[in-house]
1. Among the residues of region 363-394, which ones are assigned to a helix (DSSP H, G or I) and open to solvent by 10 Å² or more (accessible area, probe 1.4 Å)?
2. Being surrounded by fewer than 19 Cβ atoms within 10 Å (Cβ to Cβ) and more than 18 Å from MET410 (Cβ to Cβ) is the filter here; which residues of region 61-73 pass it?
3. Closer than 30 Å to ILE124 by Cβ and in contact with a His (Cβ under 7 Å, 6 or more places away or on another chain) - does that describe any residue in region 298-306?
4. Just name the residue that is farthest from SER389 (Cα to Cα) out of those in region 94-113 that are open to solvent by 10 Å² or more (accessible area, probe 1.4 Å) and touching an Asp or Glu at 6+ places or on another chain (Cβ under 9 Å).
5. Mind checking whether some residue in region 334-352 is within 16 Å of the ligand (Cβ to nearest atom) and crowded, with 20+ Cβ neighbours inside 10 Å?
6. Count, please, the residues in region 125-161 that happen to be within 13 Å of the ligand (Cβ to nearest atom) and of a type in the set (Phe, Trp, Tyr).
7. Which members of region 1-25 meet the condition of being in a loop (DSSP other than H, G, I, E, B) and touching a Leu at 6+ places or on another chain (Cβ under 6 Å)?
8. Quick check on region 88-107. Is at least one of its residues hydroxyl-bearing (Ser, Thr, Tyr) and in a helix (DSSP H, G or I)?
Amino acid sequence: MTDLRVDGLRLWESLERMAQIGATPKGGVCRLALTELDRESRDMFVQWARAAGCQVRIDQVGNIFARRPGRDAGAAPVLTGSHADSQPTGGKYDGIYGVLGGLEVVRALNDAHIETERPIDVVIWTNEEGSRFAPAMIASGVFAGVYALNHALSRVDRDGTTLGEALRKIGYDGAEDVGGFPVHAAFELHIEQGAILERSGHTIGVVTAGQGQRWYEVTLVGTDAHAGTTPMDLRRDALLGAARMIDFVDTLGRQHAPYGRATVGMIEARPNSRNTVPGECFFTIEVHHPEPAVLDEMNNALRQELSRIADEIGLAEGIQQIFDYAPVPFATECIDVVRQAAFELGLSHVDIVSGAGHDACYVARVAPTGMIFIPCEGGLSHNEGEAISPEWAEAGANVLLHAVLSSAGMVGDNQALRWIPAV
Ligand SMILES: [Zn+2]
(Lines give C-alpha, C1' and ligand atoms only; values in the text may rest on other atoms or scores of the structure.)
Protein backbone atom coordinates (compact mmCIF):
# COMPACT_ATOMS: atom_id res chain seq x y z
CA MET A 1 0.00 0.00 0.00
CA THR A 2 2.93 2.37 -0.46
CA ASP A 3 0.94 4.22 -3.15
CA LEU A 4 -1.73 5.24 -0.64
CA ARG A 5 -1.76 9.02 -0.01
CA VAL A 6 -3.77 11.64 1.84
CA ASP A 7 -5.53 14.40 -0.07
CA GLY A 8 -3.17 17.32 0.58
CA LEU A 9 -5.54 19.93 -0.80
CA ARG A 10 -8.43 18.73 1.37
CA LEU A 11 -6.18 18.82 4.44
CA TRP A 12 -5.03 22.35 3.58
CA GLU A 13 -8.59 23.56 3.05
CA SER A 14 -9.64 22.06 6.38
CA LEU A 15 -6.75 23.85 8.11
CA GLU A 16 -7.70 27.15 6.46
CA ARG A 17 -11.38 26.73 7.32
CA MET A 18 -10.60 25.89 10.96
CA ALA A 19 -8.21 28.87 11.20
CA GLN A 20 -11.15 31.20 10.58
CA ILE A 21 -12.42 30.32 14.06
CA GLY A 22 -10.68 32.79 16.34
CA ALA A 23 -8.73 34.35 13.47
CA THR A 24 -6.63 37.37 14.51
CA PRO A 25 -5.85 40.43 12.36
CA LYS A 26 -2.18 39.41 12.19
CA GLY A 27 -3.02 36.06 10.60
CA GLY A 28 -2.93 33.84 13.67
CA VAL A 29 -5.63 32.46 15.94
CA CYS A 30 -6.80 33.07 19.48
CA ARG A 31 -8.77 30.06 20.67
CA LEU A 32 -8.29 29.78 24.40
CA ALA A 33 -9.34 26.49 25.97
CA LEU A 34 -13.07 26.00 26.60
CA THR A 35 -14.15 29.40 25.33
CA GLU A 36 -16.96 29.89 22.81
CA LEU A 37 -14.36 29.83 20.04
CA ASP A 38 -12.93 26.54 21.32
CA ARG A 39 -16.50 25.19 21.32
CA GLU A 40 -16.92 26.27 17.70
CA SER A 41 -13.73 24.51 16.64
CA ARG A 42 -14.74 21.37 18.56
CA ASP A 43 -18.20 21.44 16.98
CA MET A 44 -16.68 21.72 13.53
CA PHE A 45 -14.32 18.80 14.17
CA VAL A 46 -17.15 16.65 15.53
CA GLN A 47 -19.30 17.49 12.52
CA TRP A 48 -16.49 16.61 10.10
CA ALA A 49 -15.63 13.41 11.98
CA ARG A 50 -19.26 12.25 11.95
CA ALA A 51 -19.49 13.02 8.25
CA ALA A 52 -16.44 10.76 7.83
CA GLY A 53 -18.32 7.95 9.57
CA CYS A 54 -16.76 8.27 13.03
CA GLN A 55 -18.51 7.65 16.32
CA VAL A 56 -17.79 10.45 18.77
CA ARG A 57 -17.24 10.01 22.50
CA ILE A 58 -16.47 12.77 25.00
CA ASP A 59 -14.91 12.06 28.37
CA GLN A 60 -15.35 13.83 31.69
CA VAL A 61 -12.47 16.21 31.08
CA GLY A 62 -13.74 17.13 27.61
CA ASN A 63 -11.32 15.05 25.53
CA ILE A 64 -12.99 14.12 22.23
CA PHE A 65 -12.47 10.68 20.65
CA ALA A 66 -13.73 10.25 17.09
CA ARG A 67 -13.58 6.56 16.30
CA ARG A 68 -13.28 4.96 12.89
CA PRO A 69 -14.36 1.39 13.64
CA GLY A 70 -12.04 -1.50 12.94
CA ARG A 71 -12.94 -5.05 11.93
CA ASP A 72 -12.30 -6.14 15.52
CA ALA A 73 -14.48 -3.81 17.60
CA GLY A 74 -12.95 -5.12 20.82
CA ALA A 75 -9.33 -4.53 19.83
CA ALA A 76 -7.31 -1.80 21.50
CA PRO A 77 -7.44 1.26 19.22
CA VAL A 78 -4.67 3.23 17.57
CA LEU A 79 -4.85 6.80 18.86
CA THR A 80 -3.87 9.92 16.97
CA GLY A 81 -4.57 13.59 17.54
CA SER A 82 -3.44 16.71 19.33
CA HIS A 83 -5.10 19.86 20.68
CA ALA A 84 -7.45 22.51 19.30
CA ASP A 85 -6.82 25.28 21.84
CA SER A 86 -4.22 27.97 21.19
CA GLN A 87 -2.12 30.61 22.86
CA PRO A 88 -3.68 34.12 23.04
CA THR A 89 -1.51 35.14 20.08
CA GLY A 90 -1.15 31.66 18.61
CA GLY A 91 -0.61 30.29 15.13
CA LYS A 92 -2.89 28.38 12.76
CA TYR A 93 -1.10 25.03 13.01
CA ASP A 94 0.10 24.39 16.56
CA GLY A 95 -2.04 21.48 17.73
CA ILE A 96 -4.87 21.65 15.23
CA TYR A 97 -2.58 20.36 12.46
CA GLY A 98 -2.27 17.06 14.35
CA VAL A 99 -6.04 16.89 14.85
CA LEU A 100 -6.92 17.59 11.22
CA GLY A 101 -4.02 15.39 10.06
CA GLY A 102 -5.67 12.55 12.00
CA LEU A 103 -9.02 13.35 10.43
CA GLU A 104 -7.41 13.36 6.99
CA VAL A 105 -6.04 9.87 7.70
CA VAL A 106 -9.61 8.70 8.31
CA ARG A 107 -10.86 10.41 5.16
CA ALA A 108 -8.05 8.92 3.07
CA LEU A 109 -8.75 5.41 4.40
CA ASN A 110 -12.45 5.93 3.57
CA ASP A 111 -11.60 7.04 0.03
CA ALA A 112 -9.45 3.96 -0.48
CA HIS A 113 -12.14 1.68 1.05
CA ILE A 114 -9.59 0.29 3.48
CA GLU A 115 -10.78 -1.52 6.57
CA THR A 116 -8.38 -1.78 9.48
CA GLU A 117 -8.22 -4.56 12.03
CA ARG A 118 -8.15 -2.13 14.94
CA PRO A 119 -10.31 0.94 15.52
CA ILE A 120 -8.67 4.33 15.02
CA ASP A 121 -9.44 7.15 17.47
CA VAL A 122 -8.79 10.74 16.39
CA VAL A 123 -8.46 12.78 19.57
CA ILE A 124 -8.71 16.38 20.69
CA TRP A 125 -7.04 16.77 24.07
CA THR A 126 -8.52 19.52 26.26
CA ASN A 127 -6.46 22.53 27.42
CA GLU A 128 -3.05 21.57 26.10
CA GLU A 129 -1.64 25.08 26.09
CA GLY A 130 -2.18 25.82 29.76
CA SER A 131 -2.77 29.42 28.83
CA ARG A 132 -6.26 29.74 30.32
CA PHE A 133 -6.02 26.94 32.87
CA ALA A 134 -2.62 25.96 34.31
CA PRO A 135 -0.92 23.58 34.02
CA ALA A 136 -0.49 22.70 30.37
CA MET A 137 -1.51 19.25 29.02
CA ILE A 138 -3.82 18.76 31.96
CA ALA A 139 -6.41 16.56 30.22
CA SER A 140 -3.93 14.15 28.65
CA GLY A 141 -2.38 14.19 32.12
CA VAL A 142 -5.65 12.91 33.61
CA PHE A 143 -5.86 10.33 30.81
CA ALA A 144 -2.38 9.12 31.76
CA GLY A 145 -3.09 9.09 35.50
CA VAL A 146 -0.74 11.98 36.24
CA TYR A 147 -3.56 14.14 37.67
CA ALA A 148 -6.79 13.20 39.40
CA LEU A 149 -9.95 14.17 37.50
CA ASN A 150 -11.15 16.45 40.30
CA HIS A 151 -7.83 18.23 40.38
CA ALA A 152 -8.19 19.07 36.69
CA LEU A 153 -11.86 20.09 36.97
CA SER A 154 -11.12 22.43 39.87
CA ARG A 155 -8.38 24.47 38.12
CA VAL A 156 -9.44 28.12 37.84
CA ASP A 157 -8.81 30.74 35.19
CA ARG A 158 -8.08 34.40 36.00
CA ASP A 159 -11.79 35.17 36.29
CA GLY A 160 -12.34 32.43 38.86
CA THR A 161 -14.13 30.06 36.47
CA THR A 162 -13.23 26.43 37.05
CA LEU A 163 -12.29 24.13 34.20
CA GLY A 164 -15.33 22.00 35.10
CA GLU A 165 -17.69 24.99 34.86
CA ALA A 166 -16.14 26.04 31.55
CA LEU A 167 -16.65 22.51 30.19
CA ARG A 168 -20.33 22.54 31.20
CA LYS A 169 -20.83 25.99 29.72
CA ILE A 170 -19.72 24.89 26.27
CA GLY A 171 -21.43 21.49 26.51
CA TYR A 172 -18.29 19.37 26.47
CA ASP A 173 -18.60 17.85 29.94
CA GLY A 174 -18.80 14.31 28.61
CA ALA A 175 -19.94 11.18 30.39
CA GLU A 176 -17.11 8.78 29.52
CA ASP A 177 -14.49 7.80 32.08
CA VAL A 178 -11.15 9.43 31.37
CA GLY A 179 -8.70 6.84 30.05
CA GLY A 180 -8.56 3.43 31.62
CA PHE A 181 -8.78 1.55 28.33
CA PRO A 182 -5.88 -0.15 26.55
CA VAL A 183 -4.34 1.74 23.65
CA HIS A 184 -2.39 -0.25 21.07
CA ALA A 185 -0.29 2.67 19.86
CA ALA A 186 -0.51 6.47 19.76
CA PHE A 187 0.91 8.97 17.27
CA GLU A 188 0.89 12.76 17.46
CA LEU A 189 1.62 14.83 14.38
CA HIS A 190 2.85 18.35 15.18
CA ILE A 191 4.83 21.26 13.81
CA GLU A 192 8.38 21.27 15.17
CA GLN A 193 8.19 24.72 16.80
CA GLY A 194 11.94 24.92 16.32
CA ALA A 195 14.28 25.40 13.40
CA ILE A 196 16.21 22.12 13.28
CA LEU A 197 14.28 20.54 10.38
CA GLU A 198 14.19 23.66 8.26
CA ARG A 199 17.89 24.38 8.81
CA SER A 200 18.92 20.84 7.98
CA GLY A 201 16.57 20.63 5.00
CA HIS A 202 14.56 17.65 6.27
CA THR A 203 10.80 17.37 5.81
CA ILE A 204 10.09 14.86 8.57
CA GLY A 205 11.30 14.70 12.14
CA VAL A 206 11.17 11.23 13.68
CA VAL A 207 10.72 12.21 17.31
CA THR A 208 12.63 9.89 19.61
CA ALA A 209 12.07 11.63 22.95
CA GLY A 210 10.59 14.62 24.73
CA GLN A 211 12.82 16.96 26.69
CA GLY A 212 12.82 16.81 30.44
CA GLN A 213 12.68 20.07 32.30
CA ARG A 214 13.36 21.44 35.73
CA TRP A 215 12.13 24.76 37.06
CA TYR A 216 13.85 26.70 39.79
CA GLU A 217 13.17 29.81 41.81
CA VAL A 218 16.10 31.78 43.18
CA THR A 219 16.07 34.44 45.87
CA LEU A 220 19.15 36.54 46.59
CA VAL A 221 19.44 38.73 49.64
CA GLY A 222 22.08 41.45 50.03
CA THR A 223 21.67 44.92 51.52
CA ASP A 224 19.66 47.90 50.31
CA ALA A 225 22.10 50.81 50.18
CA HIS A 226 22.43 54.40 48.96
CA ALA A 227 23.55 54.38 45.33
CA GLY A 228 25.53 57.59 45.73
CA THR A 229 27.29 57.09 49.01
CA THR A 230 27.99 53.34 49.24
CA PRO A 231 31.53 52.54 48.04
CA MET A 232 31.72 49.77 45.45
CA ASP A 233 33.66 47.44 47.72
CA LEU A 234 31.05 47.64 50.47
CA ARG A 235 28.07 46.69 48.37
CA ARG A 236 26.04 43.50 48.53
CA ASP A 237 24.14 44.04 45.30
CA ALA A 238 21.55 41.28 44.75
CA LEU A 239 20.80 42.37 41.17
CA LEU A 240 24.48 42.22 40.28
CA GLY A 241 24.53 38.65 41.62
CA ALA A 242 21.51 37.84 39.47
CA ALA A 243 23.18 39.36 36.39
CA ARG A 244 26.25 37.13 36.79
CA MET A 245 24.05 34.11 37.42
CA ILE A 246 21.91 34.82 34.35
CA ASP A 247 25.05 34.93 32.24
CA PHE A 248 26.07 31.56 33.67
CA VAL A 249 22.61 30.07 32.97
CA ASP A 250 22.99 31.03 29.31
CA THR A 251 26.47 29.47 29.23
CA LEU A 252 25.11 26.30 30.82
CA GLY A 253 22.57 25.89 28.01
CA ARG A 254 25.22 26.47 25.36
CA GLN A 255 27.61 24.00 27.01
CA HIS A 256 25.01 21.27 26.49
CA ALA A 257 24.23 21.87 22.82
CA PRO A 258 22.38 20.85 20.76
CA TYR A 259 19.58 19.80 23.15
CA GLY A 260 20.43 21.73 26.29
CA ARG A 261 18.31 24.81 27.08
CA ALA A 262 18.65 27.11 30.04
CA THR A 263 16.63 30.27 30.49
CA VAL A 264 15.92 33.01 33.00
CA GLY A 265 12.48 34.27 32.00
CA MET A 266 11.34 36.30 34.99
CA ILE A 267 13.13 38.65 37.36
CA GLU A 268 12.15 41.06 40.13
CA ALA A 269 14.60 43.37 41.86
CA ARG A 270 13.71 45.07 45.13
CA PRO A 271 13.19 47.81 46.01
CA ASN A 272 13.48 48.53 42.26
CA SER A 273 14.37 52.14 42.83
CA ARG A 274 16.87 54.00 40.64
CA ASN A 275 19.03 55.31 43.48
CA THR A 276 19.11 52.30 45.76
CA VAL A 277 21.52 49.38 45.41
CA PRO A 278 19.07 46.44 45.15
CA GLY A 279 19.12 44.41 48.33
CA GLU A 280 16.91 41.62 47.08
CA CYS A 281 16.32 39.82 43.84
CA PHE A 282 14.04 36.99 42.74
CA PHE A 283 14.30 35.17 39.43
CA THR A 284 13.28 31.92 37.75
CA ILE A 285 15.36 29.38 35.84
CA GLU A 286 14.18 26.73 33.40
CA VAL A 287 16.55 23.97 32.29
CA HIS A 288 15.74 21.44 29.53
CA HIS A 289 17.47 18.29 28.28
CA PRO A 290 16.28 14.88 27.00
CA GLU A 291 18.68 12.85 29.15
CA PRO A 292 18.11 12.48 32.90
CA ALA A 293 21.86 12.15 33.59
CA VAL A 294 22.60 15.42 31.81
CA LEU A 295 19.78 17.17 33.67
CA ASP A 296 21.42 16.01 36.90
CA GLU A 297 24.75 17.31 35.67
CA MET A 298 23.24 20.67 34.73
CA ASN A 299 21.50 20.82 38.10
CA ASN A 300 24.76 20.25 39.96
CA ALA A 301 26.70 22.78 37.88
CA LEU A 302 23.93 25.34 38.39
CA ARG A 303 23.84 24.99 42.16
CA GLN A 304 27.61 25.07 42.45
CA GLU A 305 28.08 28.19 40.33
CA LEU A 306 25.15 30.08 41.89
CA SER A 307 26.55 29.43 45.32
CA ARG A 308 30.04 30.56 44.20
CA ILE A 309 28.70 33.83 42.76
CA ALA A 310 26.61 34.49 45.88
CA ASP A 311 29.68 34.03 48.09
CA GLU A 312 31.74 36.29 45.86
CA ILE A 313 29.28 39.17 46.31
CA GLY A 314 28.32 38.36 49.90
CA LEU A 315 24.72 37.41 49.20
CA ALA A 316 22.47 34.96 50.97
CA GLU A 317 21.17 32.64 48.29
CA GLY A 318 18.18 30.32 48.22
CA ILE A 319 17.53 28.07 45.23
CA GLN A 320 14.45 25.91 45.13
CA GLN A 321 13.49 23.38 42.50
CA ILE A 322 9.73 23.77 42.02
CA PHE A 323 9.05 21.46 39.06
CA ASP A 324 10.69 18.30 37.78
CA TYR A 325 9.36 16.90 34.53
CA ALA A 326 11.25 13.75 33.56
CA PRO A 327 12.42 13.26 29.96
CA VAL A 328 10.09 11.09 27.89
CA PRO A 329 11.57 8.37 25.70
CA PHE A 330 9.09 7.39 23.00
CA ALA A 331 8.40 3.70 22.22
CA THR A 332 10.96 2.04 19.95
CA GLU A 333 8.27 0.29 17.90
CA CYS A 334 6.46 3.61 17.28
CA ILE A 335 9.68 5.43 16.41
CA ASP A 336 10.53 2.62 13.98
CA VAL A 337 7.14 2.65 12.30
CA VAL A 338 7.35 6.44 11.77
CA ARG A 339 10.88 6.19 10.38
CA GLN A 340 9.86 3.31 8.12
CA ALA A 341 6.85 5.27 6.81
CA ALA A 342 9.02 8.30 6.01
CA PHE A 343 11.56 6.05 4.31
CA GLU A 344 8.98 4.22 2.19
CA LEU A 345 7.43 7.53 1.15
CA GLY A 346 10.83 8.76 0.04
CA LEU A 347 10.75 11.73 2.41
CA SER A 348 13.96 13.10 3.86
CA HIS A 349 13.83 12.51 7.60
CA VAL A 350 15.97 12.81 10.69
CA ASP A 351 15.71 11.77 14.33
CA ILE A 352 14.81 14.69 16.55
CA VAL A 353 14.02 15.42 20.18
CA SER A 354 10.99 17.51 21.10
CA GLY A 355 11.89 20.70 22.90
CA ALA A 356 8.30 21.43 23.87
CA GLY A 357 5.91 19.43 26.00
CA HIS A 358 3.10 17.67 24.13
CA ASP A 359 0.07 15.57 25.02
CA ALA A 360 2.01 12.62 23.55
CA CYS A 361 4.51 12.97 26.40
CA TYR A 362 1.80 12.03 28.90
CA VAL A 363 0.12 9.47 26.64
CA ALA A 364 3.53 7.76 26.44
CA ARG A 365 3.10 6.76 30.08
CA VAL A 366 0.15 4.50 29.27
CA ALA A 367 0.65 3.47 25.64
CA PRO A 368 3.43 2.92 23.10
CA THR A 369 3.69 6.42 21.63
CA GLY A 370 5.50 8.24 18.85
CA MET A 371 5.50 11.71 17.31
CA ILE A 372 6.00 13.09 13.81
CA PHE A 373 7.31 16.61 13.26
CA ILE A 374 7.18 18.79 10.17
CA PRO A 375 9.12 22.06 9.86
CA CYS A 376 7.61 25.46 10.51
CA GLU A 377 9.08 28.58 8.92
CA GLY A 378 11.92 30.04 10.92
CA GLY A 379 11.00 27.79 13.83
CA LEU A 380 8.39 30.40 14.75
CA SER A 381 5.51 29.20 16.95
CA HIS A 382 3.32 30.57 19.75
CA ASN A 383 3.20 33.50 17.36
CA GLU A 384 0.52 34.71 14.95
CA GLY A 385 3.07 34.54 12.14
CA GLU A 386 3.49 30.76 12.49
CA ALA A 387 3.67 29.28 8.97
CA ILE A 388 4.07 25.94 7.19
CA SER A 389 3.92 24.98 3.52
CA PRO A 390 1.12 22.84 2.06
CA GLU A 391 3.83 20.37 0.96
CA TRP A 392 5.10 19.93 4.51
CA ALA A 393 1.55 19.55 5.80
CA GLU A 394 0.82 16.85 3.23
CA ALA A 395 4.11 15.00 3.82
CA GLY A 396 3.55 14.81 7.58
CA ALA A 397 0.00 13.56 7.14
CA ASN A 398 1.20 10.88 4.71
CA VAL A 399 3.70 9.64 7.29
CA LEU A 400 0.92 9.63 9.87
CA LEU A 401 -1.35 7.73 7.49
CA HIS A 402 1.19 4.96 6.97
CA ALA A 403 2.22 4.80 10.61
CA VAL A 404 -1.42 4.52 11.72
CA LEU A 405 -2.31 2.01 9.01
CA SER A 406 0.71 -0.11 9.80
CA SER A 407 -0.20 -0.12 13.50
CA ALA A 408 -3.93 -0.64 13.03
CA GLY A 409 -3.37 -3.43 10.50
CA MET A 410 -5.16 -3.54 7.16
CA VAL A 411 -7.76 -6.25 6.78
CA GLY A 412 -6.67 -8.74 4.14
CA ASP A 413 -3.15 -7.41 3.84
CA ASN A 414 -0.58 -9.55 5.62
CA GLN A 415 2.10 -7.03 4.70
CA ALA A 416 0.41 -4.34 6.76
CA LEU A 417 0.15 -6.70 9.71
CA ARG A 418 3.90 -7.17 9.96
CA TRP A 419 4.09 -4.66 12.79
CA ILE A 420 1.83 -5.71 15.61
CA PRO A 421 3.84 -5.56 18.81
CA ALA A 422 2.52 -6.65 22.17
CA VAL A 423 0.84 -3.87 24.13
ZN1 LIG B 1 0.95 22.22 20.45
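1. To start, the set of residues in region 363-394 that are assigned to a helix (DSSP H, G or I) comprises 363, 377-379, 390-394.
Selection gives GLU377, GLY378, GLY379, PRO390, GLU391, TRP392, GLU394.
2. none
3. Going through region 298-306, the residues closer than 30 Å to ILE124 by Cβ turn out to be none.
No, that holds for no residue.
4. From region 94-113, those open to solvent by 10 Å² or more (accessible area, probe 1.4 Å) are 94, 107, 110-113; that's our starting set.
Add one more test, that the residue is touching an Asp or Glu at 6+ places or on another chain (Cβ under 9 Å), and what stays is 94, 107, 111.
Values: ASP94: 14, ARG107: 21, ASP111: 24 Å.
The selected residue is ASP111.
5. Just the residues of region 334-352 that are within 16 Å of the ligand (Cβ to nearest atom), to begin with: 352.
Still in the list and also crowded, with 20+ Cβ neighbours inside 10 Å: 352.
Yes, the conditions are met somewhere in region 334-352.
6. 1
7. Within region 1-25, the first condition is being in a loop (DSSP other than H, G, I, E, B), and the residues that meet it are 1-7, 20-22, 24-25.
Selection gives VAL6, ILE21, GLY22.
8. Filtering region 88-107 for residues hydroxyl-bearing (Ser, Thr, Tyr) gives 89, 93, 97.
Those still in the list that are in a helix (DSSP H, G or I) too: 97.
Yes, region 88-107 contains a residue that is hydroxyl-bearing (Ser, Thr, Tyr) and in a helix (DSSP H, G or I).
The values are calculated or read from the model by the stated rules, or taken from the named source; none is laboratory data. Worth saying up front: this structure is predicted, and the values here are computed from it rather than measured. We place every Cβ from the backbone using ideal geometry, glycine too, and count neighbours over all the protein chains shown. Only protein heavy atoms, including side chains, enter the accessible area calculation; ligands, DNA and RNA are left aside. Shrake-Rupley method; radii C 1.70, N 1.55, O 1.52, S 1.80 Å.
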